Amino acid sequence: PEAYDLRYVRGFRGAHGHTPSGLEVSLTPHAGVGVGSEGRSAEAGVTLKIGEGLDRLAPDGDERFGQRPRWYVYADGSGRAVGYNFARTRDGDYARSGYTQDRGAFLGDASIGVAYRRGDVQTSVGVVYREIDAGKGLRGMNGLDTDVSEGLIAFQLSIKPRR
């Protein structure tokens, strides 16, 4: 059986500015409608983009903590996690240690969760959202939709030695 999918999505000019700390922030809304062999659809959303100036709000985690172990609660998008850290004090207790950012191999397009990092080793548990688009040439191949959007709970262990 043949399938079809026709969609129109329109992005709108959104709010764009800088926070008092110099962080660039923009909100871009979008809306769309569609029709296909599966029926009609409608979508709406907004994209939050945090751009230049992130270094001032959240310094690099490796530079701030080095090899010290730390826990952090994070939000990740585009391969960069921004999190609130809890690192050990000289007494061995965990204390609130401020915001940092870390680049790494994160699962999915966006996630939130809890992570533990010590030097080159990171482990995390979080809620992950990801979209997989196999390409326009494969869409609808043999009646199968090759695009996948999913949310899941994930555990990750990453070891990335520094060069």
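The values are calculated or read from the model by the stated rules, or taken from the named source; none is laboratory data. Since the structure is predicted, the reported quantities are computational estimates derived from the model, not experimental observations. FYI the Cβ positions are ideal-geometry reconstructions off the backbone, even for glycines, and counts take in every protein chain you see. In case anyone asks, the SASA skips ligands and DNA or RNA and just uses the protein heavy atoms, side chains included. Shrake-Rupley method; radii C 1.70, N 1.55, O 1.52, S 1.80 Å.
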* Of all residues in the range 1-21 being touching a Pro at 6+ places or on another chain (Cβ under 8 Å) and in a loop (DSSP other than H, G, I, E, B), the one that is least open to solvent (accessible area, probe 1.4 Å) -> Gly14
* Check the range 40-53 and report whether any residue there is within 23 Å of Asp120 (Cα to Cα), modelled with pLDDT of 75 or more and within 18 Å of the chain's Cα centre (by Cα). => no
* **Residue match in the range 97-109 (condition: open to solvent by 40 Å² or more (accessible area, probe 1.4 Å) and modelled with pLDDT of 80 or more)** => no
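Quick check, is Val128 surrounded by 10 or more Cβ atoms within 10 Å (Cβ to Cβ) and at pLDDT 65 or above?
On the way: surrounded by 10 or more Cβ atoms within 10 Å (Cβ to Cβ): yes; at pLDDT 65 or above: yes.
In short, yes.
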* Of the residues that sit in the range 60-96 and are in a loop (DSSP other than H, G, I, E, B) and open to solvent by less than 50 Å² (accessible area, probe 1.4 Å), which one is modelled with the highest pLDDT? -> Pro69
